[in-house]
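S.K.: Handing you a structure now.
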């Protein structure tokens, strides 16, 4: 039986337990993309209270591909120091730490740059329809290099590795999904639609070495579950050490799911991937995991290797301790504002209940 406090090997690194912090965007940087001291406090506090693996929120690899103007970045060397403070804060508490590397694609904010896509496609952008720009091969190669360069900066900052953001309609997901109708080497077959992500993975491995964790947050259902597994297989062959499974462009409401289970259908995608990749690479799931009982059920029944937690850790930085030793915790209210948008000044109701100096932002 797997328990939450059991260590797990991720690539060449040993994670002290099975609790991971999912990347949740807080938008606290300025236009320069530099991570402020807030980030080190924010992530360090979750590490202090027992989280074994910290995935820092979406970190832009190029300014024109941001999902919001104040998104943190790793597109230049001036941004390294802020990330170094985050890595140090997490390492001081024994947690592994990686930034999630991101390029917007169809999720790009219009104030930052044009919507881009493997194929020109009409896309809903807020309250308007916009024709996304189809990327040329030289543009694809440039963006790949942006990811690789950002990973090199992440290593210089002291991170244990990186996560590639390959879901939620962002560019790596776009290449893997049905919006990709290219007829060249980057479209068509499963292998071709995985090529963009694979070339990034291979480039990072060459630049950062074998001991550097490369994880990918993949969509579990774009355009189908079976195709998504095939895409992920190519990522693993290219050098991916760790899969974190979420969703992407494809609607999830029609996915088959047993509603009597203590987890939802998006988390269920991670269970499916875990069964497929068992013994190959560790797999994590996410979405709607807000109680210690859910975490324990998933691990003790060996349905997953690690559990990504978002809202639970935003609501109570000590949520990991509730999982590990049964200590009291403040439950997430499900208001959703804490995890998205330029709402870093919003203190969730749960945090207001358990207010003390340590919890202050």
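S.K.: Specify the residue that is nearest to residue 182 (Cα to Cα); the eligible residues are those in the range 117-132 that are part of a loop (DSSP other than H, G, I, E, B) and modelled with pLDDT under 95.
M.R.: Pass one, the range 117-132, residues part of a loop (DSSP other than H, G, I, E, B): 118-121, 126-127, 132.
Filter once more, keeping what is modelled with pLDDT under 95: 126-127.
Working: 126: 26, 127: 27 Å.
So, considering only residues that are part of a loop (DSSP other than H, G, I, E, B) and modelled with pLDDT under 95, the one nearest to residue 182 (Cα to Cα) is 126.
S.K.: May I pose another question? Would a scan of the range 271-280 turn up a residue that is within 19 Å of residue 173 (Cβ to Cβ) and either in contact with a strand residue (DSSP E or B) (Cβ under 6 Å, 6 or more places away or on another chain) or modelled with pLDDT under 95 (or both)?
M.R.: Yes.
S.K.: What are the pairs, 6+ residues apart or on separate chains, where a residue within the range 275-298 that is more than 19 Å from residue 214 (Cα to Cα) has its Cβ under 6 Å from a residue that is in a loop (DSSP other than H, G, I, E, B) and at pLDDT below 95?
M.R.: Every condition considered, the pairs that remain are 290/332.
S.K.: Kindly provide the set of residues from the range 36-56 that are within 20 Å of residue 162 (Cα to Cα) and in contact with a strand residue (DSSP E or B) (Cβ under 8 Å, 6 or more places away or on another chain), ordered by number.
M.R.: Matches in the range 36-56: 39, 43, 46, 47, 51, 52, 53, 54, 55, 56.
S.K.: Ok, one more. Residue 159 is checked against (1) crowded, with 24+ Cβ neighbours inside 10 Å; (2) outside any helix (DSSP H, G or I); (3) over 17 Å from the mean Cα position of the chain (by Cα) and fails just one. What number does that condition carry?
M.R.: Here residue 159 meets the rest and fails (3).
S.K.: Looking at 217, 205, 182, which one is in a loop (DSSP other than H, G, I, E, B) and in contact with a strand residue (DSSP E or B) (Cβ under 9 Å, 6 or more places away or on another chain)? It would help to see each step written out before you state the result.
M.R.: Details: 217 fails: in a loop (DSSP other than H, G, I, E, B); 205 fails: in a loop (DSSP other than H, G, I, E, B).
Every option except 182 fails the conditions.
S.K.: Taking residue 35 as the residue in question, decide whether it is in contact (Cβ under 8 Å) with a residue 12 or more places away in the chain and either surrounded by fewer than 24 Cβ atoms within 10 Å (Cβ to Cβ) or within 18 Å of residue 95 (Cα to Cα) (or both).
M.R.: When the stated conditions are applied, residue 35 does not pass them.
S.K.: Of everything in the range 222-236 that's closer than 17 Å to residue 168 by Cα and under 18 Å from the mean Cα position of the chain (by Cα), which residue is surrounded by the fewest Cβ atoms within 10 Å (Cβ to Cβ)? Don't jump to the end; show me each part of the working.
M.R.: In the first step, residues of the range 222-236 are kept if they are closer than 17 Å to residue 168 by Cα; the result is 222-225, 227-229, 231-232.
Right, trim to under 18 Å from the mean Cα position of the chain (by Cα) and you get 222, 228-229, 231-232.
Numbers: 222: 26, 228: 28, 229: 20, 231: 26, 232: 27.
Looking at the filtered set, the residue picked out is 229.
S.K.: Next up: Being modelled with pLDDT of 95 or more, in contact with a helix residue (DSSP H, G or I) (Cβ under 9 Å, 6 or more places away or on another chain) and under 20 Å from residue 278 (Cβ atoms) is the filter here, so list the residues in the range 1-18 that pass it.
M.R.: Just the residues of the range 1-18 that are modelled with pLDDT of 95 or more, to begin with: 2-18.
When the remaining residues are screened for being in contact with a helix residue (DSSP H, G or I) (Cβ under 9 Å, 6 or more places away or on another chain), the result is 2-6, 17-18.
Once the filter is applied, which keeps residues that are modelled with pLDDT of 95 or more, in contact with a helix residue (DSSP H, G or I) (Cβ under 9 Å, 6 or more places away or on another chain) and under 20 Å from residue 278 (Cβ atoms), the range 1-18 yields 2, 3, 4, 6, 17, 18.
S.K.: Moving to a separate point now. So residue 219 ticks every box in (1) over 18 Å from residue 171 (Cβ atoms); (2) in contact with a helix residue (DSSP H, G or I) (Cβ under 8 Å, 6 or more places away or on another chain); (3) buried (at least 24 other Cβ atoms within 10 Å of the Cβ) but one. Which box is left unticked?
M.R.: (1)
S.K.: Being in contact with a strand residue (DSSP E or B) (Cβ under 8 Å, 6 or more places away or on another chain) and either without any contact (Cβ under 8 Å) to a residue 24 or more places away in the chain or not in a loop (DSSP other than H, G, I, E, B) (or both) is the filter; apply it to the range 220-231 and report the residue that is farthest from residue 266 (Cα to Cα).
M.R.: Going residue by residue through the range 220-231, those that are in contact with a strand residue (DSSP E or B) (Cβ under 8 Å, 6 or more places away or on another chain) are 220, 228, 231.
Cutting the leftovers down to either without any contact (Cβ under 8 Å) to a residue 24 or more places away in the chain or not in a loop (DSSP other than H, G, I, E, B) (or both) gives us 228, 231.
Details: 228: 13, 231: 18 Å.
Filtering the range 220-231 for residues that are in contact with a strand residue (DSSP E or B) (Cβ under 8 Å, 6 or more places away or on another chain) and either without any contact (Cβ under 8 Å) to a residue 24 or more places away in the chain or not in a loop (DSSP other than H, G, I, E, B) (or both), the one farthest from residue 266 (Cα to Cα) comes out as 231.
S.K.: Quick one: residue 248 ticks every box in (1) in contact (Cβ under 8 Å) with a residue 40 or more places away in the chain; (2) surrounded by fewer than 19 Cβ atoms within 10 Å (Cβ to Cβ) except a single one, so which number is it?
M.R.: If we test residue 248 against (1) in contact (Cβ under 8 Å) with a residue 40 or more places away in the chain; (2) surrounded by fewer than 19 Cβ atoms within 10 Å (Cβ to Cβ), just (2) comes out false.
S.K.: Check whether at least one residue in the range 133-146 is touching a strand residue (DSSP E or B) at 6+ places or on another chain (Cβ under 7 Å), outside any helix (DSSP H, G or I), at pLDDT 95 or above and surrounded by fewer than 18 Cβ atoms within 10 Å (Cβ to Cβ), and report yes or no. Reasoning before the result, please.
M.R.: Let us first name the residues in the range 133-146 that are touching a strand residue (DSSP E or B) at 6+ places or on another chain (Cβ under 7 Å), namely 133-135.
Right, trim to outside any helix (DSSP H, G or I) and you get 133-135.
Of the ones still in play, those that are also at pLDDT 95 or above are 133-135.
Of the ones still in play, those that are also surrounded by fewer than 18 Cβ atoms within 10 Å (Cβ to Cβ) are 133-134.
The answer is yes, given that some residue of the range 133-146 is touching a strand residue (DSSP E or B) at 6+ places or on another chain (Cβ under 7 Å), outside any helix (DSSP H, G or I), at pLDDT 95 or above and surrounded by fewer than 18 Cβ atoms within 10 Å (Cβ to Cβ).
S.K.: So residue 234 ticks every box in (1) assigned to a helix (DSSP H, G or I); (2) out of contact with any helix residue (DSSP H, G or I) (no Cβ under 7 Å at 6 or more places or on another chain); (3) under 23 Å from residue 150 (Cβ atoms) but one. Which box is left unticked?
M.R.: For residue 234, the failing item is (2).
S.K.: Just give me the residues in the range 297-327 being more than 26 Å from residue 167 (Cβ to Cβ) and in contact with a helix residue (DSSP H, G or I) (Cβ under 7 Å, 6 or more places away or on another chain), in sequence order. Please lay out each step first, then the result.
M.R.: Of all residues in the range 297-327, those more than 26 Å from residue 167 (Cβ to Cβ) come to 300, 318, 321-322, 324-327.
Across the range 297-327, the qualifying residues are 322, 327.
S.K.: Can you tell me which residue among 51, 55 is on the phi < 0 side of the Ramachandran plot, in contact with a helix residue (DSSP H, G or I) (Cβ under 8 Å, 6 or more places away or on another chain) and at pLDDT 95 or above? Explain how you work it out, then say what you get.
M.R.: Numbers: 55 fails: in contact with a helix residue (DSSP H, G or I) (Cβ under 8 Å, 6 or more places away or on another chain).
The conditions single out 51.
The values are calculated or read from the model by the stated rules, or taken from the named source; none is laboratory data. Being a predicted model, the structure only gives us computed values, none of them experimental. Please note: Cβ atoms are built from the backbone with ideal geometry, for glycine as well, and neighbour counts cover all protein chains shown.
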